[in-house]
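As structure tokens, the structure follows; a few thoughts come after it.
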Amino acid sequence: MTQTHFGYQTVQEEDKVHKVAEVFHSVAAKYDVMNDLMSAGLHRIWKAFTIAQAGVRPGFKVLDIAGGTGDLAKAFARQAGPTGEVWLTDINESMLRVGRDRLINNGLTNPVLLCDAERLPFPDNYFDRVSVAFGLRNMTHKDAALAEMRRVLKPGGKLLVLEFSKVWEPLKKPYDVYSFSVLPWLGKRIANDAESYRYLAESIRMHPDQDTLKKMMQDAGLERVEYYNLTAGVAALHTGIKL
């Protein structure tokens, strides 16, 4: 059987799927509160930058993958308007329920779908924009997921990948202390789950750095791939076009 990484652990591929699911079932209810605490609210600025780079216009078809609590889908739905089509998808039912309820509470009736990013149930050349925010690092076969994202994009469509990345070297030591000491402590205090936030810190370290992810997107067939470092590389936004 094929093995892969779950944080710093080496596990069977099928076990990783279940372990990642357990993490997000555990943290779903406190996900937004923890995001605000962990990033001091910076995740909202990173998402706002991503939304601006997406340039969604009225009538656009947009797919938000691993959309969780629906931050991007909510913004895209308002931009695409009544003639647009914005899908909120996630592989985790607990997260998707939170996102669905939030959209409804904001008066939005987007289609919501439980699905796997490595096997998207959409036709070729369908979406004007595809986004994934803080979800790619949890996927077992990132190359397959990126290929699927490209497949469902229309020619001229754009993929946006917002993800934690490699921090500026002088900040590495304090960032490590924060990640492996403060994060699990916050997880324990706020979400009663230190282990899930320890996994979060480990999964960030195991995720490809900025240039590696850029090459992976190019290998998946995307063109004009570029990235923007956000907050000294704590996060990065990668974009690519399907030509």
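For Val112, all conditions in the list (1) open to solvent by less than 20 Å² (accessible area, probe 1.4 Å); (2) in contact with a strand residue (DSSP E or B) (Cβ under 6 Å, 6 or more places away or on another chain) hold save one; what is the number of the exception?
All conditions are met except number (1).
Going through segment 156-197 one residue at a time, which ones are among the charged types (D, E, K, R), open to solvent by less than 70 Å² (accessible area, probe 1.4 Å) and in a helix (DSSP H, G or I)? Please lay out each step first, then the result.
Residues of segment 156-197 among the charged types (D, E, K, R): 158, 163, 166, 169, 172-173, 176, 188-189, 193, 195.
Keeping just the survivors that are open to solvent by less than 70 Å² (accessible area, probe 1.4 Å) gives 158, 163, 176, 193.
Within segment 156-197, Asp176 is the sole residue that qualifies.
Would you point out the residue of segment 218-243, among those that are at negative phi and among the hydroxyl-bearing types (Ser, Thr, Tyr), that is nearest to the chain's Cα centre (by Cα)?
Ranking the qualifying residues of segment 218-243, first place goes to Thr239.
Picking from Val98, Val130, which residue would you name as being part of a strand (DSSP E or B), surrounded by 13 or more Cβ atoms within 10 Å (Cβ to Cβ), within 17 Å of the chain's Cα centre (by Cα) and not charged (D, E, K, R)?
None of the others qualify; the one that does is Val130.
Given the residues Ala73, Ala77, Ala48, Ala21, which is the only one that is assigned to a helix (DSSP H, G or I) and touching a residue at least 60 places away in the same chain (Cβ under 8 Å)?
Only one candidate qualifies: Ala21.
Just the residues that are buried (at least 22 other Cβ atoms within 10 Å of the Cβ) and in contact with a Gly (Cβ under 8 Å, 6 or more places away or on another chain), please, taken from segment 81-91. Outline the logic, then answer.
Taking segment 81-91 as the starting set, the residues that turn out to be buried (at least 22 other Cβ atoms within 10 Å of the Cβ) are 86-90.
Residues satisfying the conditions are Leu88, Thr89, Asp90.
Return the residues of segment 27-80 that are among the polar types (S, T, N, Q) and crowded, with 20+ Cβ neighbours inside 10 Å; say none if nothing qualifies.
Scanning segment 27-80 gives Thr50, Thr69.
The values are calculated or read from the model by the stated rules, or taken from the named source; none is laboratory data. The shown structure was predicted, so the numbers you read here are calculated from the model rather than taken from an experiment. Positions of Cβ are generated from backbone atoms using ideal geometry, with glycine treated the same way; all protein chains shown enter the neighbour counts. Protein only, heavy atoms only, side chains kept; ligands, DNA and RNA dropped before computing areas. Shrake-Rupley method; radii C 1.70, N 1.55, O 1.52, S 1.80 Å.
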